[in-house]
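The values are calculated or read from the model by the stated rules, or taken from the named source; none is laboratory data. This is a predicted model, so every value here is computed, not measured. A quick note on method: Cβ atoms are made from the backbone with ideal geometry, for glycine too, and the neighbour counts reach across all protein chains shown. Each accessible area value is taken on the protein alone, full model and side chains, heavy atoms only, with ligands, DNA and RNA left out. Shrake-Rupley method; radii C 1.70, N 1.55, O 1.52, S 1.80 Å.
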Amino acid sequence: MEFKKPRGTRDFLFDEMRERKETENILRKVFENYAYQEIKTPLFEDLSLFTTKSGEQIVDQLYNFKDKSDREIALRPEITAPVVRLYTNELQKTAKPIKLYYFGSCFRYERPQKGRFRQFWQFGCELIGAKSPEGEAEVIAMAEQSLEDLGISTVEIHINHLGIIRALFKHFNIDTEIQEQIILLIDKGDKKLFTKELTENDIVDDSKLKDILIKLIDFVGNESVLNDIDNLLKDYEETNESIAEFKQLIDYLKSFNVSNYTINLGIARGLDYYTGIVFEIYVPELGAQKQVAGGGSYNLVELFGGEKIESTGFAFGFDRLMNVIEHDKTKNKEKNEDTSIVDVFIAPISKDTREKSFEIGQILRNSNISTEIDLSRKKFKKLLITANKLNAKYVILVGEDELEKDSVTIKNMASGDQELVAIDDILDYINL
RNA sequence: GCCGGGGUGGGGUAGGCGGUUAUCCUACGGGACUGUGGAUCCUGCGACUCGGGUUCGAAUCUCGGCCCCGGCCCCA
């Protein structure tokens, strides 16, 4: 075998593609029901679009190259930055809020693993210019509904508000570098490690902050956690605004009929551009790669040179969704054999009836009936075998005897019955 | 980048302490059967991931590359 596909890429065959398309269509439907409109951005962008957003170190994880005019180009590793670029280029003066969604592949130069590829797909949205808590609540509601419509039931939605910890950092005058270090530690999700690092390595001097942080990231649970936060942080009024927003979000979630959520002060999302609510969605059965979606509120527009504006977005890791669906499929042992590739198979019985067969085929296709015609001059028996493999509902036998009467024989493959039908009546016959 | 397990026809596999023609299932082509399908039988096609080493001889042992799987790091 001469050529192999590049590491971390996949070929999708018919069955898999059918399932992916189904998933894609369900997501499209949900997003459009929430008034989102689809956009598409280029697969590659200026490298600086991504380094501005995420720092220079991101370059190790990118597919980047110089083009023939010496431009630094990168294949997109995610779609939020391109969308924000698109917004600042074309949509700044458009009526707000703007709701847009996208579906496309992204590229990262990483070691492939389960649920992690070098080319992978994201299905996501951005809500630009809505007032925070209600916009966030709606976005989360839409994410939940998407999963529900996909038939994925065992999900956990974890929500945090990064404004709280940012306010604390401000209160204690923690400089940005240390902040990022702490956020990174939180993001790892290892609480023991967090406590250890914080107490042993003197990342922060202030023991009060240490105590608060260690307690804070342990706050995980339902609505009642909000009271714990209140109690813990009552002396730090800088946090009031974010806590109030957080409460409001939780209230609005009720209105949007979302009850399956977990408040989790340990969610951080490594990115330093998130400013408000952040959330992650897990499907526990996926194990190490259980995160199927992530998002939050950010202010990237300003970073890219636009006016300051609230934005919220999230993206599904499409391939991970497919993993869950695949998982559930095999669990439920579903038979998948009843898929017809075409409704009608046209079988020219002799070489003299081929031309007429093609004419009939085109009539059916023009009437939106999926039709296959023998193109390989198969013998009679093989024609029926082929029709059977295609799972065609009808076979139209085009033979010389029939054509003399301007007719064909139509065979119902399920019942085995067949009937002589005038060519002019084929459409009516098949449509009944 | 690190650790572990792997790689045999299109798909799924057996063999694996070195030794003759590499096993079976399935798929595919042809035929039994030149105008009636899913069955059966016959038949054909088709593979040891790549490269070096050890050896009279390597699918088998050994080293390295590539790729896949799982985990770590990372995860915008």
Fill in the blank from the handout: From most to least accessible, 1.4 Å probe, no ligand or DNA/RNA atoms counted, A:D343, A:D406 line up as A:D406, A:D343
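With the convex hull built on the Cα atoms of chain A, state its orientation-averaged projected area in nm².
Approximately 28.7 nm², given one-decimal rounding.
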Completion exercise
For A:134-142, A:303-311, ranked highest to lowest by mean beta-carbon neighbours within 10 Å, the order is A:134-142, A:303-311
Problem - Per residue value of the accessible surface for chain A (all protein chains in place, 1.4 Å probe), Å² - result: 53
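Considering only protein heavy atoms and a probe of 1.4 Å, how much of the accessible area of chain A is carbon and sulfur, as a whole percent? Please list the in-between numbers first.
Numbers: 10770 of 23050 Å².
Its accessible area is 47 percent carbon and sulfur atoms.
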Practice task
Run the quick spin-label model on A:Q248 and A:D205: label points 7 Å from Cα toward the beta carbon, then report their separation in nm to one decimal.
Solution key: 3.7
Practice task
Can you figure out the FRET efficiency of A:K131 with A:S340, using R₀ = 60 Å and their beta-carbon distance, to the nearest 0.05?
Solution key: 0.75
Handout entry: Most fluctuating residue given options A:I165, A:I263, A:I349, as computed from a GNM of chain A linking Cα atoms under 10 Å
Key = A:I349
Fill in the blank from the handout: Karplus-derived 3J(HN,Hα) from phi for the range A:301-317 (6.51 cos²θ - 1.76 cosθ + 1.60, θ = phi - 60°), whole Hz, x at Gly and Pro, runs 4, 4, 4, 8, x, x, 6, 4, 7, 6, 9, 9, x, 7, 9, 7, x
Fill in the blank from the handout: Counting only residues 5 or more apart in sequence or on a different chain, those whose built amide H sits under 5 Å from that of A:I309 are A:V301, A:E302
Completion exercise
Stretched fully, the stretch from A:T195 through A:N388 gains (0.36 nm per residue minus C-alpha distance, one decimal, in nm) 63.0 nm
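Using a Förster radius of 25 Å, what is the FRET efficiency between A:E359 and A:N431 based on their Cβ-Cβ separation? Nearest 0.05, please.
Working: r = 19 Å, r/R0 = 0.75.
E between A:E359 and A:N431, to the nearest 0.05, is 0.85.
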Problem - Rel. contact order, % - alpha carbon contacts under 8 angstrom, at least six apart, chain A - result: 15
Handout entry: Nitroxide proxy distance, nm - points 7 Å out along Cα→Cβ at A:T94 and A:E404
Key = 6.6
Completion exercise
Between the modelled labels at A:Q418 and A:Q57 (7 Å from Cα along Cα→Cβ) the distance in nm is 7.2
Exercise for the section: Using a Förster distance of 22 angstrom, determine the FRET efficiency expected from the C-beta separation of A:S69 and A:L43, and round it to 0.05. Expected result: 0.75
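Pull up the DSSP beta bridges for chain A and report the antiparallel fraction as a percent, rounded to 5.
80
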Exercise for the section: Determine the calculated [θ] at 222 nm for chain A from helices alone, applying -39500 (n - 2.57) to every DSSP H run no shorter than 4 residues and normalising by the residue count; nearest 500 deg cm²/dmol. Expected result: -12000 deg cm²/dmol
